[in-house]
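Beneath this line is the structure, given in structure tokens, with notes to follow.
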Amino acid sequence: MTKRIAVLTSGGDAPGMNAAVRAVVRTAIWNGAEIFAVYEGYTGLIEGGNYIKRFKWDNVGGILHKGGTVIGSARCLEFKERPGRLTAAENLVQNGIDALVVCGGDGSLTGANILRTEWSGLLHELAENGRITWEQRVAHEKLTIAGLAGSIDNDLCGTDMTIGADTALHRIVDAIDAISSTAASHQRAFVVEVMGRRCGYLALMSAIASGADWALIPESPPNLDDWEAKMCDVLRQGRERGRRDSIVVVAEGAQDRHGQPITSDYVRRVLEERLGEDTRVTILGHVQRGGSPTVFDRNLSTLTGAEAVQAILDPTNDGEAFLVGITANRITRIPLEQALNDTKCVYDAINSQQYNEAMNLRGGSFNQAFRILRTLVRAAPHKRDPSKKQMRFALLNAGAPAPGMNTAVRATVRLGVDKGHRIFAINHGFKGLLKGDIEEFDWMSANGWVAEGGTEIGTNRYKPTTADLYQIARNLEQHNIDGLLVIGGWSGYEAALTLYNHRKEFRAFNIPITCMPTSIDNDLPGSELSIGTDTALNNIVEALDKIRQSAGASNRAFVVEVMGRTCGYLALMSALASGAERVYLPEEGVTLDDLQADVAMLKHSFRIGKRLGLMVRNECATEVYDTNFMVRLFEEEGGDLFDVRQAILGHLQQGGTPSPFDRIQASRQALRCVEFLEEQAGKKRPKSACVGLINSAAKFTHFKEMEDEMDWDFDRPKEQWWLTLRPIAWMLAQPAPDVEIADATINK
Ligand code: ADP
């Protein structure tokens, strides 16, 4: 019997839910299952009838980029009671469905889990009352559940990120960026209230990413009774030292040590009364929930949606319930009950004012982020400990500009100075180092750089030659540099390796050198993600959404060329996030057979009623069949069916303000780099290493290993984790396999 699966979205809507529904529907069909969409969450399950609708491949076309959920969501009180769930079970069985994918928050997933545990009893009762037959009861003995964490708050345990949280963070950080500029103009204070009743993720991360001056979160209330005095002190000192704006971010669930709510209005009054500041409150409200999902949310939803169906169809699955989420940058399944219990433990800890416990349960990276924030918000560094040796560290940017470079410089300066060291900025990359263009930075030197795209200290792809090394060594010696941080891309890494490999000839190079992966191309060794890549991807996908819209108006295919040099990451991930029909990667190359197959695919798609085609190609996918050639080929072969245009996105991909993720990464990696330099500096044989995110954890790869990981023929890492996502991107982009040409509207 063909497996029948239903999908529903429930509770508070979250951007990315549509992408999840699309992936669930298409993966189910691709694997031979029948798929039903339930409209309006659990309400639809109880109403039955037209609320439960069989979906085909094309029912989920054109929804990937949309905010909210096109199949509707609701809060349904009836489902909380057994009679409601009895009717829901009846409707499922009458439709032959015994597997459910639920995308929602902890409430919705708790409801799904209760339905599953009661299932057998509910069906027995239905059969006894004649509402279903005994055969139906036997045929649907168990209910299988796959939960997808749909919640903007990032408040569910069992997944590092929930669907919608990244988008909400974008909305918040955009808003705070805008507020900062007006606040600075009038030297005003602003209190910004963000969502998060029982989770401070959005408040904490947005405060780091926007360079806010104070943040209040539910898990870790200020640990002084007169915390107001401390907050005002920091803000006052900040003003005295030249900060023009004061921004306090308050999570809606913020509370003090005694469990009393701290409201945004209370914070406003405190600032007005104690500082005499003109203070405004902005409650961001539902803006945080709305709008088109970010690339991260689209891809998280797509990958977890596809995995949810795989979990249901897994022959070893015997009526279990999983939460499908992301842990350490990999899609994972964990028992739903465990995820819900762990989530409840955090809430219980907050409610019972066990704040240390709540913070412990949030995990190491949340705690580290909180510590970073507490340093970055300071108006001035801690007093230096005179017993600790003061080091002199230099930093530079190298390679192509990448959003996040300024954020990384700012964080390194502050975190380094706070640890009692002196930080020197080298202007214009290794060229500047050769010229001796070096200046000391203090706490305020990079003030306001957190949100700036590009790089204030300048960058280029210059790599020192052997003849340059003597002068570079002298310049380092002249400034007594104890450690060097290279914030940049491939050419920066190469240059750092050159110094390292000549450390025996030049004593000045016998210092720790560390590289922070900062490049939009995501082509660096020792890290699964580079700083800047997330911003570039969002830039690309924003452009692709617009191109898609314009193409759809006039039966058109587009060949869009994106950056990435010899690494196809930007191309693949942007294709996945935009629902492109084809993607061309340098890792795979392009053959004439591929192009012939693509012509056939395009003709077939347009014949069965598609109105547009989106082909994304990496700039180095093939040297022979360039973008122009592809366009001409498709145009010629498309005849009257469709016409073809090209778009080369170019440098818009490198520009713009860095995304919240890139800003947060830059700040986190900065701390790791400073700690590394501090640990290695002064040693007889200091180590040099690049920092990076591997399985979501910050790791160092020593230069020797790093060199081995680099594919020198192609300027990219030898192993690229993301290539495993290729098959899903391919599957989802197929023309509808459940539409026969004969049934379809033939265009021409
Ligand atoms: P979220 O899923 O975003 O946390 P809610 O907590 O409002 O949102 O839950 C959404 C819906 O899930 C509820 O309206 C209800 O239908 C169902 N639900 C929530 N909690 C339960 C529960 N304990 N038992 C059964 N159903 C529940």
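The values are calculated or read from the model by the stated rules, or taken from the named source; none is laboratory data. Small disclaimer: the values here were computed from a predicted structure and weren't measured. We place every Cβ from the backbone using ideal geometry, glycine too, and count neighbours over all the protein chains shown. Heads up: the accessible areas ignore ligands, DNA and RNA and are worked out on the full protein's heavy atoms, side chains in. Shrake-Rupley method; radii C 1.70, N 1.55, O 1.52, S 1.80 Å.
Couple of notes before you dig in:
- Odd one out for Ile71, checked against (1) part of a loop (DSSP other than H, G, I, E, B); (2) open to solvent by 10 Å² or more (accessible area, probe 1.4 Å); (3) within 16 Å of the ligand (Cβ to nearest atom): (2)
- Of the candidates Thr566, Thr622, Thr591, the single residue that is without any contact (Cβ under 8 Å) to a residue 24 or more places away in the chain and of a type in the set (Val, Ile, Thr) is Thr591.
- If you filter the range 107-138 down to residues that are of a type in the set (Gly, Ala, Ser) and within 30 Å of Cys157 (Cβ to Cβ), you find that the one that is surrounded by the most Cβ atoms within 10 Å (Cβ to Cβ) is Ser108.
- Contact map, the range 378-394: first residue farther than 30 Å from Asp245 by Cα, second residue surrounded by 12 or more Cβ atoms within 10 Å (Cβ to Cβ) and basic (Lys, Arg), Cβ cut-off under 8 Å, separation 6 or more or different chains; pairs are Gln390/Arg384; Gln390/Arg422; Met391/Arg422; Arg392/Arg422.
- Selection from the range 138-160 of residues that are within 12 Å of the ligand (Cβ to nearest atom) and not β-branched (Val, Ile, Thr): Gly147, Leu148, Ala149, Gly150, Ser151, Asp153, Asp155, Leu156
Residues checked against (1) within 16 Å of the ligand (Cβ to nearest atom); (2) among the β-branched types (Val, Ile, Thr); (3) in the same structural domain as Gly579 (by TED's automatic domain parsing):
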site	(1), (2), (3)
Ser10	yes, no, no
Met17	yes, no, no
Val25	no, yes, no
Ile35	no, yes, no
Ile46	yes, yes, no
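- Residues located in the range 211-236, provided they are closer than 25 Å to Gly364 by Cβ and among the small types (Gly, Ala, Ser): Gly211, Ala212, Ala215, Ser220
- Options Gly104, Gly84; residue that is within 11 Å of the ligand (Cβ to nearest atom), open to solvent by less than 10 Å² (accessible area, probe 1.4 Å) and in contact with an Asp or Glu (Cβ under 8 Å, 6 or more places away or on another chain): Gly84
- Scope the range 448-469; condition more than 30 Å from Ala178 (Cβ to Cβ), surrounded by 14 or more Cβ atoms within 10 Å (Cβ to Cβ) and of a type outside the set (Lys, Arg); matching residues: Asn460, Tyr462, Pro464, Asp468, Leu469
- Candidates Leu693, Leu677, Leu652 - the one that is open to solvent by less than 70 Å² (accessible area, probe 1.4 Å) and part of a helix (DSSP H, G or I): Leu677
- Taking the numbered list (1) within 15 Å of the ligand (Cβ to nearest atom); (2) in contact with a Gly (Cβ under 9 Å, 6 or more places away or on another chain) in turn, Glu90 passes all entries but (1).
- Positions within the range 425-447 being open to solvent by 10 Å² or more (accessible area, probe 1.4 Å), touching a residue at least 12 places away in the same chain (Cβ under 8 Å), over 25 Å from Gln237 (Cβ atoms) and not in a helix (DSSP H, G or I), in sequence order: Asn427, His428, Gly436, Ile438
- Matching option when the condition is open to solvent by 30 Å² or more (accessible area, probe 1.4 Å) and part of a loop (DSSP other than H, G, I, E, B), among Glu505, Glu494, Glu477: Glu505
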